[in-house]
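Okay, structure first, notes after.
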Amino acid sequence: MDKKRKYANFLVAGCLRLKKGDKLFIVADDNILDFVEIVKEEASNLGILEIETLISYPEKEKELYLSKSYEEIIKSPLVDKSKYNEMAREGYAFLMLKSPIPNYFLEVKEDILARVSKYQMEAIEEYKSYQLKNKIKWNISAVPNEAWAREIDGVNSLDELWDLVWDICLINEENPVKAWDEKMTKLKNRANYLNNLKIDKLIYKNSLGTNLEIGLPKDYIFASADGNNIVNMPTEEVFTSPDRLRVRGMVYSSKVLIYNNRVIEDFWLEFKEGKIVDYNAKVGKEILKEIIETDEGSHYLGEVALVDYNSPISLTNIIFKNTLYDENASCHLAIGAGFMECIKDGYSLTTEELMDKGINYSHEHVDFFIGTKDLEVKALLQNGQEVVIMENGNFKEA
């Protein structure tokens, strides 16, 4: 089987775990329509006959942002995401195919992008509710394009980027599903170990200057990205949600962050009583400000994720300038929304009850990367003991 076709088949059957009679909703940009057609063909071959798509047109969107007012922009079908809500209600599985073009919207005013992004997030709250409550299957995966390949140092062609994707996503394995089952078992065992420790707080330190304490809720749950299906491809993390009010200290980014196809580099955040009270960036400070000021909840953390510095993605020594890949090469945190699944009985709790237990609420959720080869993470346990979780950037197994 052609590798693109094998990858497409794996996303539908291996990640989303769809079968005959299921329904599929594909979200993608117009620069990868050829791959979208391959996915549709592979899904049809599996007996999935109800397939819907939502295609975005970045070039037309950019022209819209540069020539129209905010009021005119949000009336355009080009920014309408309401189909997400309809597809969630009707029980479709979501396949979000990401094919980034770094810095594509650099000429667009930050405030316009921020306002439109917030409008779009608020417009799909119904879908987000289905997603967060685990009522639908969903997966986010990357698809290479020429512009993205040109932006990555160490990658010389689109074909080379495809080769990296196939290698990292284990498509080169004879049976990718079996290979991922083995990887996910290892991550689930790691999450179980962390849950059994009964951690009160995590303490991060490295030579960049990170010195950060993150308290966890009493009934926290570490999880992997494999529930009803694998939600991120690739994935190397175990993650939980912190107590939104128990974060203090300084944290420094270790990789560039791409947000709405714009770059943020060399930034730091300072926390007091959970809240971001100060920040700076050598590149993209206004974009960072836009993220933090999305709403009240975007001043707090929603995710804590542990990833080996020697993960397969990190060992490529490539910064992909794509959050999906870079977050799985590095320990990371996320500004914004926390996860219902990361606290005991979370799916049965209201937003207010979740917040009372420390889980953050926001329209935003933006991962940023803090892992380094000298990162140390200690856990102070609820019984007062101290345990080293990670040393020299890697997980210290029990």
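Residues in the range 307-349 that are among the aliphatic types (A, V, I, L, M) and not in a strand (DSSP E or B): Val307, Ile313, Leu315, Ile318, Ile319, Leu324, Ala329, Ala337, Met340, Leu349.
Among residues of the range 342-369 being of a type in the set (A, V, I, L, M) and out of contact with any Lys or Arg (no Cβ under 9 Å at 6 or more places or on another chain), the one that is surrounded by the most Cβ atoms within 10 Å (Cβ to Cβ) is Leu354. Run Gly91 past the list (1) in contact (Cβ under 8 Å) with a residue 40 or more places away in the chain; (2) part of a helix (DSSP H, G or I) and report the number of the one that doesn't hold. Condition not satisfied by Gly91: (2). Of the residues making up the range 80-108, those that are farther than 29 Å from Ala43 by Cβ and touching a helix residue (DSSP H, G or I) at 6+ places or on another chain (Cβ under 8 Å) are Pro102, Asn103, Phe105, Glu107, Val108. Among residues that are surrounded by 13 or more Cβ atoms within 10 Å (Cβ to Cβ) and either in a helix (DSSP H, G or I) or over 26 Å from the mean Cα position of the chain (by Cα) (or both), Glu71 is not included. Let me confirm something: among Tyr92, Tyr65, Tyr130, which residue is at pLDDT 95 or above, crowded, with 17+ Cβ neighbours inside 10 Å and either over 30 Å from Lys3 (Cα atoms) or in contact with a strand residue (DSSP E or B) (Cβ under 8 Å, 6 or more places away or on another chain) (or both)? Criteria check complete, one pass: Tyr92.
Residue by residue, here is whether (1) small (Gly, Ala, Ser); (2) without any contact (Cβ under 8 Å) to a residue 40 or more places away in the chain; (3) touching a Gly at 6+ places or on another chain (Cβ under 7 Å) holds:
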{"site": "Asn103", "(1), (2), (3)": "no, no, no"}
{"site": "Tyr130", "(1), (2), (3)": "no, no, no"}
{"site": "Asn134", "(1), (2), (3)": "no, no, yes"}
{"site": "Trp138", "(1), (2), (3)": "no, no, no"}
{"site": "Val143", "(1), (2), (3)": "no, no, no"}
{"site": "Trp148", "(1), (2), (3)": "no, no, no"}
{"site": "Ile152", "(1), (2), (3)": "no, no, no"}
{"site": "Leu158", "(1), (2), (3)": "no, yes, no"}
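Residues checked against (1) buried (at least 17 other Cβ atoms within 10 Å of the Cβ); (2) in a helix (DSSP H, G or I):
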position	(1), (2)
Met184	no, yes
Leu187	yes, yes
Arg190	yes, yes
Asp200	yes, no
Lys218	no, no
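On inspection, Met250 passes the criterion of being surrounded by fewer than 17 Cβ atoms within 10 Å (Cβ to Cβ) and either in contact (Cβ under 8 Å) with a residue 24 or more places away in the chain or under 18 Å from the mean Cα position of the chain (by Cα) (or both). Evaluate the range 117-125: report whether one residue or more is more than 21 Å from Val39 (Cβ to Cβ), modelled with pLDDT under 95, among the basic types (Lys, Arg) and surrounded by 14 or more Cβ atoms within 10 Å (Cβ to Cβ). Looking for residues that are more than 21 Å from Val39 (Cβ to Cβ), modelled with pLDDT under 95, among the basic types (Lys, Arg) and surrounded by 14 or more Cβ atoms within 10 Å (Cβ to Cβ), one finds at least one in the range 117-125, hence yes. The single residue among Gly297, Gly302, Gly274 that is in contact with a His (Cβ under 7 Å, 6 or more places away or on another chain), over 20 Å from Pro100 (Cα atoms) and either crowded, with 17+ Cβ neighbours inside 10 Å or in the same structural domain as Asp153 (by TED's automatic domain parsing) (or both) turns out to be Gly302.
In the range 1-28, the residues that are at positive phi reach residues that are surrounded by fewer than 23 Cβ atoms within 10 Å (Cβ to Cβ) and assigned to a loop (DSSP other than H, G, I, E, B) with C-beta atoms within less than 6 angstrom, at least six apart or across chains, in these pairs: Arg17/Asn229. Of the residues screened, Val238 is not one that is hydrophobic (A, V, I, L, M, F, W, C) and without any contact (Cβ under 8 Å) to a residue 24 or more places away in the chain.
The values are calculated or read from the model by the stated rules, or taken from the named source; none is laboratory data. What you see is a predicted model, and the numbers here were worked out from it, not measured in a lab. Glycine gets a Cβ as well: all are built from the backbone with ideal geometry, and neighbour counts include every protein chain shown.
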